[in-house]
Each structure stands twice: as C-alpha cells, then as structure tokens.
Amino acid sequence: MGTVTLGVSIAVPEPHGSLLQERRAGFGDPAAHAIPTHVTLVPPTEVDQDRLPEIEAHLAGVAADWLPFEIRLSGTGTFRPLSPVVFVTLAEGVAGCDRLQARLREEAGPLVRELQFPYHPHVTVAHGIAEEAMDRAHEELSGFEAAWTCSSFALYEQGTDGVWRKLYDYEFGSGRPVPAVPSQGGSPVRSSS
C-alpha cells in the first residue's frame with residue numbers, strides 16, 4: 001500500500017501563523033510556504049499507509065485526555081552551529097508541549113521513534129539559509145510576542161510536492177478529529193470518511 005510521511009504539531013493561530021510564514025519567506029527560506037507555522041510535537045515520520053487508522057485512533061485518544069494549556073511566544077533563539085535554524089522561543093508552554101510530545105511518542109504507541117536532538121519546542125522562522133539572512137531573522141523577530149490557549153494539535157501529511165497539509169485537528173477534551181479546511185500550507189489531501 002506504500003508509505004506516507006506524517007507529522008503532529010500545534011498550529012500557530014492567526015494572524016500570527018501567516019505573519020511568521022510571510023516573514024520566513026521574506027528571509028529567503030524556500031520552505032516557508034510548504035510548511036504551516038507550528039510547534040512540532042512529532043517530527044516527520046514515515047509510516048506504512050495502512051497504519052493510518054491506528055495512528056488516528058491514538059491521536060484521538062491522547063487528545064481526549066488532554067487539557068488546554070497556555071502558550072506564549074517571545075523573542076528568538078537559534079540552534080546554530082549545531083543545526084542551521086533560527087526560531088521564535090516559547091516563553092510559556094514548554095512543559096505542556098514536552099508532556100504532550102512524550103505521550104504521543106510513547107513506547108506502546110504507533111508513533112514511537114527516537115529523536116535526532118533532545119526535544120525543544122519552538123517555532124522555526126529560518127532554516128538552512130545564508131548566515132546573513134539567519135542573523136537578520138534572529139534580530140528582526142527578537143521582539144516578537146504572541147500568546148494563545150492551546151486547545152488542539154493537528155496531524156499533517158507531506159505531499160509528494162514537499163508541501164505539508166493538515167489532515168485533522170484533534171480537540172483536547174473530546175479527541176474528536178475535525179477534518180482540515182484549506183488554509184496555509186495547502187488543502188487537505190484526504191477528507192474524513
């Protein structure tokens with residue numbers, strides 16, 4: 001049946017998501033419009049397509065047991081020189097994101113995987129571009145601030161065109177998967193059945 005590449009993340013709400021995506025494009029990051037603005041919970045993971053129902057049920061179960069928590073973005077950071085990334089920092093919500101990603105990737109679950117680097121929730125605003133552009137992103141967004149109550153996470157699939165598309169939002173407390181509507185990053189590749 002083949003494989004698909006999935007990711008689970010918290011979408012940065014509007015107007016902040018679009019603003020950061022446009023800024024990322026403005027810094028010259030070619031991936032800016034292929035990746036909706038987000039906080040990663042489960043990084044890109046290749047899975048057998050026939051495991052999707054099991055994964056979707058797992059996500060719904062985790063979401064059903066989760067409570068909303070506050071996220072506040074403030075300022076910038078970087079993973080350089082280890083990794084060519086500039087990001088907006090989570091000033092609040094780090095512990096909530098850390099507990100959630102650990103639960104999503106639990107050993108008994110369908111999304112278990114080792115991470116390349118220790119988990120550090122953030123919002124990427126520049127990746128793999130010229131050092132001068134990375135410096136500009138770090139400086140120009142250093143005063144960025146945004147806050148919201150996180151009440152869901154989303155399942156994304158990377159298309160063959162490299163674009164990440166949201167499949168479902170999973171609302172905390174209900175676990176009910178809500179099919180994605182076309183938004184940043186393109187339209188969903190499949191609908192709820």
Legend entry - Distance between modelled label sites at Leu19 and Gln116, nm, 7 Å Cα→Cβ extension: 3.0
Inset, instruction - Compute the Rg/Rh shape ratio of the chain: radius of gyration over Kirkwood radius, all on alpha-carbon atoms. - result: 0.95
Inset, instruction - Normalising by the residue count of the chain, find the relative contact order in percent from Cα pairs under 8 Å and 6+ residues apart. - result: 29
Inset, instruction - Give a residue-ordered list of calculated ³J(HN,Hα) values for the stretch 104-111 (Karplus: 6.51 cos²θ - 1.76 cosθ + 1.60, θ = phi - 60°; whole Hz; x for Gly, Pro). - result: 5, 9, 4, 4, 7, x, x, 10
Legend entry - Computed helical MRE - 222 nm, the chain, DSSP H runs ≥ 4 contributing -39500 (n - 2.57), nearest 500: -7000 deg cm²/dmol
Inset, instruction - Specify which residue in the list Gly173, Ala146, Val125 is farthest towards the positive end of the charge dipole of the chain, using unit charges on the beta carbon of Lys, Arg (+1) and Asp, Glu (-1), about the Cα centre. - result: Gly173
Legend entry - Crossing angle, helix 131-140 versus the chain [Cα axis fit, 0-90 degrees, rounded to tens]: 90
Inset, instruction - Measure nothing but the geometry: give the 0 to 90° angle between the long axis through the Cα atoms of 52-64 and the longest principal axis through the Cα atoms of the chain, rounded to 10°. - result: 70
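Every read-out reported here was derived from the displayed coordinates using simple, explicitly stated rules and does not represent laboratory data. Computed from a predicted model, the values in this text were never measured in an experiment. A quick note on method: Cβ atoms are made from the backbone with ideal geometry, for glycine too, and the neighbour counts reach across all protein chains shown.
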